[in-house]
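Worksheet: one structure, shown below.
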Amino acid sequence: MRPVRPRTAWKGLLVLAVVAVITVWAGFGVQVDVGALIKNFSNAADKVVLLAQPDYGFFPETLSALAQTLQMAVIATAAGAAIGLPLSFLASRVTDPSRPLVAVVRSVLNVVRSVPDLLYAAILVTIVGTGALSGVIALVLFNVGIVVKLISEAIDAVDRGPLEAALATGATWVRADRAAVLPQILPVYASQTLYVLELNVRASTVIGLVGGGGLGILIDQVRTFYRYHQLSLIILEILVVVVLLEAASSWLRKRLVS
Amino acid sequence: MTSTGDRAADITFRGVGVSYPGGVRGLQDIDLRIPAGEMVAVVGLSGAGKSTLVRTINGLVPITEGEIVVGDRHLPASRGRELRELRSEIGMVFQSFNLARRARVIDNVLMGRLHTAPTWRTLLGAWSRDDVELAMQALERVGIVDKAYVKAGNLSGGQQQRVAIARTLAQQPKIVLADEPVASLDPPTSHTVMRDLERINAELGITVVINLHFLDLARRYGRRLIGLRGGRIVFDGTGEEADEQVFADIYGRSLTGEDVLEARAQL
């Protein structure tokens, strides 16, 4: 006998209604004013016109800040990846027989990861002072969180056969992890490190806004004085660097993982 | 590689039982003695406890009753150093080879030296000349030293299993355990691998304990056969003594083509 078609349409409608109510509530909460948007449209259009005309003559003055942004990204990536690798092994159940330790490492890193990079930078600027060092430390904290999350998940998914074989030779866990697990995750590790570098170039431009060094500081300066042509050039530079880096890293990563 | 005399280790099971959490019994009342230098085949249906039996010898499966004595070492050993020392004397070959496929062949064989090299060397992969020499000799013994610098994953199944055998030889073990070593291989390759195991037993005097599903292989290569059924030993004797009736006891039915490697090959 064929089953009666279940009547489930009302469930979908209910979900839709709930989503609509929450959205409208959120809109009123932040006072979305469509009228103001239309009223100020000419204002926005002016700025867009200004931004569409980058001041290329400003380029030499941005070079040192651009270099600093890239240097910050590279150093933070290297430090974050180096610190993150051993921590990833501690954060995986596959490579570490001690469950309490895994739980501790995981929960500490969950906290580290839940703080946004901009907040780290803002706090560090008050401790270390403005400049690239605050920015780099903020990025490292941000990176360790990401690396450990991604790599420990890769470790959780490795083939456990080689690990069992290494342990069966009488090796300690640390040695067996090194010999049997590390070779399996190296390509993923290299690929994620490149990804973190991409994230860092993007993040390090913003971190400067709160005093963390690099292009961000420059953005803050020209914005304060309404120099939109110069701001436009900086944005263009960031765009070009990020696009180039992304292309290079995705090209490399494809070769690493396959 | 060292000769047998000073390295001999008998394996003795006394009233060994294994129960898994949830009350499933893997092994019951196992009393067994395997003198050093023997080549033993363990046969039985899947689920009969073959894998569990060989894995108790190196402590990969902890026993819950009785004791096992290997040479002068006792199981259950406390985890840690005592267990690792026992394991370092016992090589193991697996059905699915269990190689680090992205690492080179030589690095896989050097895993057999993990138990003795200093930690910094194992972490950096900076192996001593002596360890590399031992690994190369092990590869020569199984005839694939020319593949030493090839990625393990790029080898055929039979070659990978021989790398795994070389890995156990690099341990300079007294005992080699093989858990269905040819179950993933085609018949001609199966014989190559079985002959490798036969040779390390004959030439190096290493005790070899092999789980086998195929009876003709077990009869041909095992000078002694142990039949398991439902976690108990139901037969222990020579290949000649193991006639059709004995196999019917072990398998709980008469033989079919499925139980014989050569028959499968002819299909």
Output ordering of B:109-115, B:144-150 (per-residue mean of other Cβ within 10 Å, highest first) is B:109-115, B:144-150
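With both bridge residues required to lie in the protein assembly as shown, what share of the DSSP beta bridges run antiparallel, to the nearest 5%? Spell out each step's value before the answer.
Working: 21 of 39 bridges.
Taking every DSSP beta bridge with both residues in the protein assembly as shown, the antiparallel ones total about 55 percent.
As a test of understanding, state the convex hull volume per residue of the protein assembly as shown from its alpha carbons, in Å³.
On the way: hull volume 135.6 nm³, N = 525.
Normalising the Cα hull of the protein assembly as shown by residue number yields 258 Å³.
Among residues other than A:S191 whose Cβ falls under 15 Å from its Cβ, what is the net charge (Lys/Arg +1, Asp/Glu -1)? List each step's numbers first, then the result.
On the way: positive: A:K149, A:R253, A:K254, A:R255, B:R102; negative: A:E153, A:E198, A:E246.
Every neighbour counted, the sum reads +2.
Across the residues of A:153-165, average count of Cβ atoms on other protein chains within 10 Å? Please list the in-between numbers first.
Details: counts 0, 0, 0, 0, 0, 1, 5, 1, 8, 13, 2, 5, 15.
Average neighbour count from other chains, rounded to a whole number: 4.
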Cα-Cα pairs in segment A:128-236 separated by more than 16 Å, as a whole percent of all pairs, come to 68
Partner shielding of B:52-64, taken as the mean number of other chain Cβ atoms within 10 Å, equals 1
Rounded to one decimal in nm, the spacing of the 7 Å Cα→Cβ label points at A:R113 and B:R81 is 3.8
Per the helix-only model, chain B has a calculated mean residue ellipticity at 222 nm (DSSP H runs of ≥4, -39500 (n - 2.57) each, divided over all residues, rounded to the nearest 500) of -10000 deg cm²/dmol
Ranked from fewest to most other Cβ atoms within 10 Å of their own Cβ, A:K39, B:K174, B:K151 fall in the order A:K39, B:K151, B:K174
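What is the mean number of Cβ atoms from other protein chains located within 10 Å of the Cβ atom of each residue in peptide B:98-109, rounded to a whole number?
Working: counts 10, 6, 13, 5, 7, 7, 1, 0, 0, 2, 6, 0.
Average neighbour count from other chains, rounded to a whole number: 5.
Sorted from fewest to most neighbouring beta carbons within 10 Å, what does the list A:R5, B:R81 look like?
On the way: A:R5 6, B:R81 11.
By the 10 Å Cβ count, ascending: A:R5, B:R81.
For n ≥ 4 DSSP H runs only, could you compute -39500 (n - 2.57) per run for chain A, divide by its residues and tell me the 222 nm figure to the nearest 500?
Details: 12 runs with 201 residues, N = 258.
Calculated from helices alone, the mean residue ellipticity at 222 nm is -26000 deg cm²/dmol.
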hull vol. (C-alpha, convex hull) per residue for segment B:96-172, Å³ -> 80
Per DSSP, the loop-located trypsin sites (Lys or Arg not before Pro) within segment A:90-134 having at most 10 other beta carbons within 10 Å are none
In Å³ per residue, the alpha-carbon convex hull of chain A encloses 254
Unit-weight point scatterers at every alpha-carbon of segment A:24-125, Debye formula, q = 0.11, 0.15 1/Å: log10 I(q)/I(0) is -0.76, -0.93
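Bear in mind that the values in this text are calculations on the coordinates, not laboratory data. Being a predicted model, the structure only gives us computed values, none of them experimental. Backbone-built Cβ (ideal geometry, glycine too); neighbour counts: all protein chains shown.
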